[in-house]
Amino acid sequence: MNRRTRLGVVAATALTLTVTAPTAGAHAAPRPGTDPARATLPAGDGWASEGTGTTGGAAAVASRVFTVTTWEEFRDALAVPGTEPRIVKVVGTLNATAAGCAAFEAAGYDFARYLADYDPAVWGYENVVSGPQEDLRAASATAQGEAIKVRVPANTTIVGVGEHAGITGGSLQVQGVDNVVVRNLTMESPLDCFPQWDPTDGATGAWNSEYDSLVVYGSTHVWIEHNTFTDGAHPDSSLPSYYGEVYQQHDGELDVVRGADLVTISWNAFTDHDKTLMIGNSDSAGATDRGKLRVTLHHNLFKNVIERAPRVRFGQVDAYNNHFVVPSSAYAYSLGIGQESQLFAEKNAFTLAGDVPAGKILKKWKDAPVTTVGNYVNGRPVDLLAVHNAQFPDELLRADAGWTPVLRTRVDHPRAVPALVGHRAGAGRSC
């Protein structure tokens, strides 16, 4: 029996999620007796409900329901031809890099030699690195990318089974498709085995990495719900330094880029990460992104996140009822106002460490309007725009994003948000 046939047979005995129905209207809860893997985004629940809505693989026939327990089975299930609805149920933790970094190394690549060749004392800071070891590093990186990236087809639901389902080291690519649901997974950020040294990045150079846990690229109608995004066993604090700079092996946790549109991101936990969530990846992408990148973020937890929660370019982004738990060390900002962005931030809750001023919550990258309404900081109402402009008079932000969100099923009082989100957001919680 080949692997794909075995996947279909295993599907017949698939496990089901254990869920507790939330308060009526809170978010998508399957009807009693139904399979949570067939849940669809409720009408009016954020931008992904616009138009045809988002159903993922809810209508999949039995032969297109797969239960997987390894990364290889997962890739095979997604590679089955056709765009008819499919459901992929993840049992346990799938490890995309179980063989270790050495499995991807090109013959002749030697990290010690790389460090010696491009040491700033030898190479300097004026030119990007080049030569045999850089070529071998790039080839090694290509091999890792081919192993850990997986394309998600249209009309697909990927759902974790139970409280402990997840993916370690993998990168889901939702690229150029419509109608995708990703639910109930703990996604540990991929660890880039082969970061590139760029001596021209800043005054003292920097290590740059690739791979996000999830990328929505040029796709529409995508619902990302009840997932946990984390650095897991490899937080930035555990990473070494070379040339006086952190050997950064993490990129982002979630990107929505390059003409992606109609995305709802709800009830997720984003934890212990630096550059977390980017909406729009380039100031020069107006031809692709203008009029798109419409994203809703609601009832998400951003805990100990340094920046990009999110950083926005171009899109009409509705961020409401999210809880931001802000660390005192190294915090940069939460909401980044970028090129032609139209961010509407309403009734969010911010829990700031005592030495973090509320003015840092917003960050001006480019001149663009922003609406901030009814947000609370440490349990009290705060005008985020006013405190930012008072603290940073050389980086004044403009009021009024120029639109008012209507695609919402429920809006909670910001005082209730920390407890509500803390109890329900993330993988393995009520969904």
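The condition of being surrounded by fewer than 24 Cβ atoms within 10 Å (Cβ to Cβ), of a type in the set (Gly, Ala, Ser) and closer than 14 Å to residue 253 by Cα holds for only one of 189, 209, 213, that being 209.
So for the stretch 338-349 (the condition being closer than 25 Å to residue 227 by Cα, touching a strand residue (DSSP E or B) at 6+ places or on another chain (Cβ under 6 Å), of a type outside the set (Asp, Glu) and not in a strand (DSSP E or B)), does at least one residue qualify? Break it down into steps so the answer makes sense when it comes.
Going through the stretch 338-349, the residues closer than 25 Å to residue 227 by Cα turn out to be 343-349.
Checking which are touching a strand residue (DSSP E or B) at 6+ places or on another chain (Cβ under 6 Å) leaves us with 343-347, 349.
From the residues that got through so far, the ones that are of a type outside the set (Asp, Glu) too are 343-345, 347, 349.
Those left that are additionally not in a strand (DSSP E or B): 347.
The answer is yes, given that some residue of the stretch 338-349 is closer than 25 Å to residue 227 by Cα, touching a strand residue (DSSP E or B) at 6+ places or on another chain (Cβ under 6 Å), of a type outside the set (Asp, Glu) and not in a strand (DSSP E or B).
A Cβ distance below 6 Å, combined with a sequence gap of six or more or placement on separate chains, defines the contacts here; from the stretch 222-245, residues that are without any contact (Cβ under 8 Å) to a residue 60 or more places away in the chain reach residues that are assigned to a loop (DSSP other than H, G, I, E, B) and among the charged types (D, E, K, R) in the pairs 229/253.
Across the stretch 376-431, the number of residues qualifying as of a type in the set (A, V, I, L, M, F, W, C), at pLDDT 95 or above, under 23 Å from the mean Cα position of the chain (by Cα) and over 24 Å from residue 353 (Cβ atoms) comes to 3. Screening residue 311 with (1) more than 13 Å from the chain's Cα centre (by Cα); (2) modelled with pLDDT of 95 or more gives one miss only, at (1).
When each of 296, 204 is tested for being among the hydroxyl-bearing types (Ser, Thr, Tyr) and assigned to a loop (DSSP other than H, G, I, E, B), the lone residue that passes is 204.
In this structure, is residue 138 over 16 Å from residue 192 (Cβ atoms) and aliphatic (A, V, I, L, M)?
Working: over 16 Å from residue 192 (Cβ atoms): no; aliphatic (A, V, I, L, M): yes.
Judged against the criteria, residue 138 is not a match.
Of all residues in the stretch 328-354, those being at pLDDT below 95 and either of a type in the set (D, E, K, R) or surrounded by 21 or more Cβ atoms within 10 Å (Cβ to Cβ) (or both) number 0.
Number of residues in the stretch 306-319 that are within 19 Å of residue 388 (Cα to Cα) and either acidic (Asp, Glu) or in a strand (DSSP E or B) (or both): the value is 5.
State all residues of the stretch 94-118 that are buried (at least 18 other Cβ atoms within 10 Å of the Cβ) and of a type outside the set (D, E, K, R); if no residue qualifies, say none. Spell out the reasoning first.
In the first step, residues of the stretch 94-118 are kept if they are buried (at least 18 other Cβ atoms within 10 Å of the Cβ); the result is 94, 96-97, 104-105, 109, 114, 118.
Those that are buried (at least 18 other Cβ atoms within 10 Å of the Cβ) and of a type outside the set (D, E, K, R): 94, 96, 97, 104, 109, 114, 118.
Residue pairs whose Cβ atoms lie under 6 Å apart, separated by 6 or more positions or on different chains, with the first residue in the stretch 272-290 and farther than 11 Å from residue 258 by Cβ and assigned to a loop (DSSP other than H, G, I, E, B) and the second of a type in the set (A, V, I, L, M) and at pLDDT 95 or above, are 276/309.
Within the stretch 407-419, is even one residue in contact (Cβ under 8 Å) with a residue 40 or more places away in the chain, in contact with a His (Cβ under 6 Å, 6 or more places away or on another chain) and not in a loop (DSSP other than H, G, I, E, B)?
Yes, some residue in the stretch 407-419 is in contact (Cβ under 8 Å) with a residue 40 or more places away in the chain, in contact with a His (Cβ under 6 Å, 6 or more places away or on another chain) and not in a loop (DSSP other than H, G, I, E, B).
Note on the stretch 228-252: among residues that are in contact with a strand residue (DSSP E or B) (Cβ under 6 Å, 6 or more places away or on another chain) and part of a loop (DSSP other than H, G, I, E, B), the one that is nearest to residue 311 (Cα to Cα) is 252.
Considering only residues that are of a type in the set (D, E, K, R) and closer than 17 Å to residue 305 by Cβ, look in the stretch 356-375 and name the one that is farthest from the chain's Cα centre (by Cα). Break it down stepwise before answering.
Kept after step one, since they are of a type in the set (D, E, K, R), are these residues of the stretch 356-375: 360, 363-364, 366-367.
From the residues that got through so far, the ones that are closer than 17 Å to residue 305 by Cβ too are 360, 363.
Details: 360: 22, 363: 20 Å.
The extreme case among them is 360.
Here residue 182 fulfils each of the conditions (1) surrounded by fewer than 24 Cβ atoms within 10 Å (Cβ to Cβ); (2) assigned to a strand (DSSP E or B) apart from (1). Among the residues making up the stretch 207-227, a single one is touching a strand residue (DSSP E or B) at 6+ places or on another chain (Cβ under 6 Å), among the acidic types (Asp, Glu) and not in a strand (DSSP E or B): 212. Residue under question is residue 264, and the condition is that it be surrounded by 24 or more Cβ atoms within 10 Å (Cβ to Cβ) and either of a type in the set (Val, Ile, Thr) or touching a Leu at 6+ places or on another chain (Cβ under 9 Å) (or both); does it hold? In short, yes.
The values are calculated or read from the model by the stated rules, or taken from the named source; none is laboratory data. Quick caveat: nothing in here was measured; it's all calculated off a predicted structure. Quick reminder, even Gly has a Cβ in these numbers, built from the backbone with ideal geometry, and neighbours come from all protein chains shown.
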